[in-house]
1. List the residues, sorted by chain then number, that are 5 or more residues from residue 172 or on another chain and whose placed amide H is less than 5 Å from its amide H.
2. If amide hydrogens are placed 1.01 Å from N in the peptide plane, which non-local residues have theirs closer than 5 Å to the one on residue 177?
3. So which aspartates and glutamates can residue 120 reach, going by Cα to Cα under 16 Å and dropping same-chain residues fewer than 8 places off?
4. What are the trypsin sites (Lys or Arg not before Pro) within the range 188-250 that DSSP puts in a loop, where the Cβ has at most 15 other Cβ atoms within 10 Å?
5. What ranking do 124, 187 get, fewest neighbouring Cβ atoms within 10 angstrom at the top?
6. Can you find, among 126, 164, 114, the residue sitting farthest towards the positive end of the charge dipole of the range 104-168, where Lys and Arg contribute +1 and Asp and Glu -1 at Cβ?
Amino acid sequence: MSRRLALAAIIVSSLAAPRAQAQNDALSKSLDTTQRAQQASVESQQRVDQLDDQTRALLERYRAASWQTQQLNVYAQQLNELLAQQTAQIASLRQQLADLDRAGEDLMPLMLRMTDSLDKFVALDLPFLHDERHERIENLKQALGDPQVNAGEKFRRILEAYQIEVDYGRTLGVERIDVAGNTMDVLRVGRVALYALAPDGSDPRIWNPQTGRWDALSRGAASSIRDGLKMAREMTAVNLLELPVAAAAGSTP
């Protein structure tokens with residue numbers, strides 16, 4: 001009886017061993033499959049993450065490009081508006097110049113009279129800045145006879161010359177010129193009077209338009225003339241000057 005039981009146990013064991021091995025193999029395969037699936041899942045997630053990063057980067061680049069495009073569009077619109085304004089201004093200026101050119105023949109007699117009047121005025125005025133003022137008038141005359149200079153430019157130069165002469169009447173001026181054979185500093189007080197003083201501060205004089213000569217002044221006038229020269233040279237602030245005028249000058253007081 002015991003031998004039969006032992007034999008049965010051996011047979012059962014023999015039959016159970018292959019089944020257990022098969023189960024182990026199946027379990028191993030299942031584990032391998034699970035691990036591969038997990039690894040594949042991890043790799044898939046990594047690829048998704050990489051795609052997310054790339055997508056975010058592309059989105060940021062798109063947003064940046066979109067913003068830049070908007071700015072460029074705004075800038076282009078502003079440039080177009082500015083260009084349109086400048087084009088209109090240029091067209092207006094060209095029309096004005098064309099109108100001036102057509103009116104050139106009518107303006108020429110007036111410009112000639114104005115230049116001639118200015119020439120006579122300078123000749124009769126106090127004798128200051130002689131070369132500069134006469135050269136300006138000669139340049140005007142040359143411009144009036146130059147066909148390359150349009151009427152608008154000619155008229156502008158004449159008005160500029162008149163304005164310069166007007167400004168002389170409300171400013172102080174100084175120049176070093178020959179006076180009665182001596183080099184002297186000449187003070188211009190507007191168009192009221194001209195005063196001369198030697199570089200060493202001596203020999204004060206005043207221009208007499210009645211006689212066309214330089215009349216001598218008392219030594220006391222030298223100090224005021226010296227102050228006026230400093231004002232004209234902007235070495236000191238402008239202040240009141242006590243100086244005689246030609247009508248009261250005459251000869252030496």
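Only the coordinates and a few stated rules stand behind these numbers; no lab work does. Nothing here was measured: the structure is a model prediction, and the numbers come from that model. Cβ coordinates were reconstructed from backbone atoms using ideal geometry, including for glycine residues, and neighbour counts include every protein chain displayed.
1. 190
2. Close amide H contacts, sequence-distant or interchain: 184, 186.
3. Filter leaves 131, 132, 135, 138, 165.
4. 191, 219, 233
5. Taking fewest neighbouring Cβ atoms as first place, the list is 124, 187.
6. Selected residue: 114.
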